[in-house]
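Structure record follows, encoded as structure tokens.
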Amino acid sequence: MANTILIGAQWGDEGKGKIIDVLTAKSDIVVRSQGGNNAGHTVIHQGTKYILHLIPSGILRRGKVCVIGNGVVIDPIALVEEIDGLRKLGIKITKNLLISDCAHLVLPYHRVLDEQRELRKGHAKIGTTKRGIGPAYGDKAARTGLRMSDLMQPVLFSKKLQAKIRENNSILTALGAKSINYREVDAAYLKAGEKLRPFVGNTVVYLHRALQHGKEILFEGAQGTFLDIDHGTYPYVTSSNTTAGGACTGTGVPPHRMDLVMGVMKAYTTRVGEGALPTEDATLANMLHEMGREFGATTGRARRCGWFDAVATRYAAMINGIDELAITNLDGLDGVDPIKICVAYRLNGKRLDVPPSDAAQLAKCEPIFETVRGWNRMTSQTKKLAQLPLKARDYVNRIAMLTGAKLKIVSVGPTRAETIIL
């Protein structure tokens, strides 16, 4: 399979966890390169649902090594809880997990700051998960953050933590929030740090040695293209680079060692939180929610839903250099007829073939749709592309053509077995 970057080509929640799980069968190592425990990947295997937040999905397969790279921000307590939860489900976690010593920490004051900032924005809120991810990345950029390497040095960590809590408590008090108790945080984080110590090290060196030995690596992205801090619908974005380039900076693996970029997209469009969604459709959203679909793995929030947006995915293909496509949730449209596809936008009377970079302008864009017939048949039992209803085949080929990349995978259900590989 070579070294593959797998990214979301929409606003996140595209079903990457399942596709990663499928691709991991042919990979040796799975690496998470950015984001924090604000992301969630859901994988269903043999009737058990696994919800992963920080640990790469490859942890569910024996013989695979999972790496949390330097570009990830880690809440140590949440990570320990995730490890414990997986172990209770029978997943062995020993030498198959590595954590970068350069990864930054999410601390309690980050979470409170996240919540307070969101509350004060009122109607202008971003819709964050309030997990402290943005403030943690803010400290990283300001060069004042604490890292896993600090946590591995208890005396140094405690000294740095005390100074940071003192500084942030003055801010929290000014905001009217409760101050953070240093001793409680110090004790809890040092305890978590000791549990994580066996996994922490220089993951850059590990990955380069793996490359030298011909190991095949899968780079797992969190969120999606239009939540990228640079290329997304700013400010309604996350705080990291969710696009393909983030896989390099977030792991220390250079671009020329990457062989393939696979983009994952739903057969329709969803997003969580605030911000423009040009193809949003309340009727489609209600139908999907009534089916029990489109609720966040991390927050449980109902996702906003709309028709497939080829303008967005075409731009995502450009930014990421997408070579191959994985289309997920095709079965969600099994009973929908007709189906709309957004092929362009209209803004102030002008046709646009790429989305505007300004969020206010994007919110004013009107979708230009083409309409196709639905297939009105269940697709979840399909094993080969040729077995799909003709209209379903036409549909996936059409959205692949509009996106501008080769169709490689079609997912017709949440389990590994419900996957068509071309």
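Surrounded by 16 or more Cβ atoms within 10 Å (Cβ to Cβ) and touching a strand residue (DSSP E or B) at 6+ places or on another chain (Cβ under 9 Å): does that describe residue 68?
Taking the combined requirement at face value, the residue satisfies it.
Conditions tested, residue by residue: (1) touching a residue at least 40 places away in the same chain (Cβ under 8 Å); (2) part of a loop (DSSP other than H, G, I, E, B); (3) hydrophobic (A, V, I, L, M, F, W, C).
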{"residue": "2", "(1), (2), (3)": "yes, yes, yes"}
{"residue": "5", "(1), (2), (3)": "yes, no, yes"}
{"residue": "23", "(1), (2), (3)": "yes, no, yes"}
{"residue": "31", "(1), (2), (3)": "yes, no, yes"}
{"residue": "38", "(1), (2), (3)": "yes, yes, no"}
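So which residues in the stretch 134-174 are of a type in the set (A, V, I, L, M, F, W, C) and in contact with an Asp or Glu (Cβ under 7 Å, 6 or more places away or on another chain)? It would help to see each step written out before you state the result.
Taking the stretch 134-174 and keeping what is of a type in the set (A, V, I, L, M, F, W, C), we get 136, 141-142, 146, 148, 151-152, 155-157, 161, 163, 165, 171-172, 174.
The answer is 148, 152, 156, 157, 161.
Which of the following residues is buried (at least 16 other Cβ atoms within 10 Å of the Cβ) and in contact with a Pro (Cβ under 9 Å, 6 or more places away or on another chain): 355, 414, 389?
On the way: 414 fails: in contact with a Pro (Cβ under 9 Å, 6 or more places away or on another chain); 389 fails: in contact with a Pro (Cβ under 9 Å, 6 or more places away or on another chain).
Residue meeting the stated conditions: 355.
Against the definition (open to solvent by 30 Å² or more (accessible area, probe 1.4 Å) and more than 26 Å from residue 249 (Cβ to Cβ)), how does residue 51 come out, yes or no?
In short, yes.
Could you tell me which of the residues 361, 381 is out of contact with any Lys or Arg (no Cβ under 6 Å at 6 or more places or on another chain), polar (S, T, N, Q), open to solvent by 20 Å² or more (accessible area, probe 1.4 Å) and not in a helix (DSSP H, G or I)?
On the way: 361 fails: not in a helix (DSSP H, G or I).
Checking each option against the conditions leaves just 381.
Each row is one residue, and each column tells you yes or no for (1) small (Gly, Ala, Ser); (2) open to solvent by less than 80 Å² (accessible area, probe 1.4 Å); (3) more than 19 Å from residue 319 (Cα to Cα).
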position: 183; (1), (2), (3): no, no, yes
position: 194; (1), (2), (3): no, no, yes
position: 200; (1), (2), (3): no, yes, yes
position: 204; (1), (2), (3): no, yes, yes
position: 208; (1), (2), (3): no, yes, yes
position: 212; (1), (2), (3): no, no, yes
position: 221; (1), (2), (3): yes, yes, no
position: 227; (1), (2), (3): no, yes, no
position: 234; (1), (2), (3): no, no, no
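Please enumerate the residues belonging to the stretch 1-27 that are more than 16 Å from residue 217 (Cα to Cα) and surrounded by fewer than 24 Cβ atoms within 10 Å (Cβ to Cβ).
Once the filter is applied, which keeps residues that are more than 16 Å from residue 217 (Cα to Cα) and surrounded by fewer than 24 Cβ atoms within 10 Å (Cβ to Cβ), the stretch 1-27 yields only 15.
Any residue at all in the stretch 160-179 that is within 22 Å of residue 100 (Cα to Cα) and touching a strand residue (DSSP E or B) at 6+ places or on another chain (Cβ under 6 Å)?
no
Hey, can you tell me all the residues within the stretch 240-256 that are surrounded by fewer than 23 Cβ atoms within 10 Å (Cβ to Cβ), in contact with a Gly (Cβ under 8 Å, 6 or more places away or on another chain) and small (Gly, Ala, Ser)?
Answer for the stretch 240-256, where residues must be surrounded by fewer than 23 Cβ atoms within 10 Å (Cβ to Cβ), in contact with a Gly (Cβ under 8 Å, 6 or more places away or on another chain) and small (Gly, Ala, Ser): just 252.
Can you spot a residue in the stretch 92-110 that is at pLDDT below 95 and aliphatic (A, V, I, L, M)?
Checking the stretch 92-110: not a single residue is at pLDDT below 95 and aliphatic (A, V, I, L, M).
Among the residues of the stretch 28-48, write down those that are among the polar types (S, T, N, Q) and crowded, with 24+ Cβ neighbours inside 10 Å. Write out each step before concluding.
So in the stretch 28-48, the residues among the polar types (S, T, N, Q) come out as 33-34, 37-38, 42, 46, 48.
Those that are among the polar types (S, T, N, Q) and crowded, with 24+ Cβ neighbours inside 10 Å: 33, 34, 37, 38.
Considering only residues of the stretch 369-422 that are of a type in the set (S, T, N, Q) and without any contact (Cβ under 8 Å) to a residue 40 or more places away in the chain, which is nearest to residue 14 (Cα to Cα)? Show your work before the answer.
Quick first cut of the stretch 369-422, residues of a type in the set (S, T, N, Q) only: 371, 376, 379-382, 387, 397, 403, 411, 415, 419.
If we keep only those that are without any contact (Cβ under 8 Å) to a residue 40 or more places away in the chain as well, we get 371, 381-382, 387, 397.
On the way: 371: 22, 381: 21, 382: 20, 387: 24, 397: 18 Å.
Residue satisfying both the conditions and the ranking: 397.
The values are calculated or read from the model by the stated rules, or taken from the named source; none is laboratory data. These numbers were taken from a predicted model, which means no experiment stands behind them. FYI the Cβ positions are ideal-geometry reconstructions off the backbone, even for glycines, and counts take in every protein chain you see. Ligands, DNA and RNA are stripped out before the accessible areas are found, and what is left, the full protein with its side chains, is counted by its heavy atoms. Shrake-Rupley method; radii C 1.70, N 1.55, O 1.52, S 1.80 Å.
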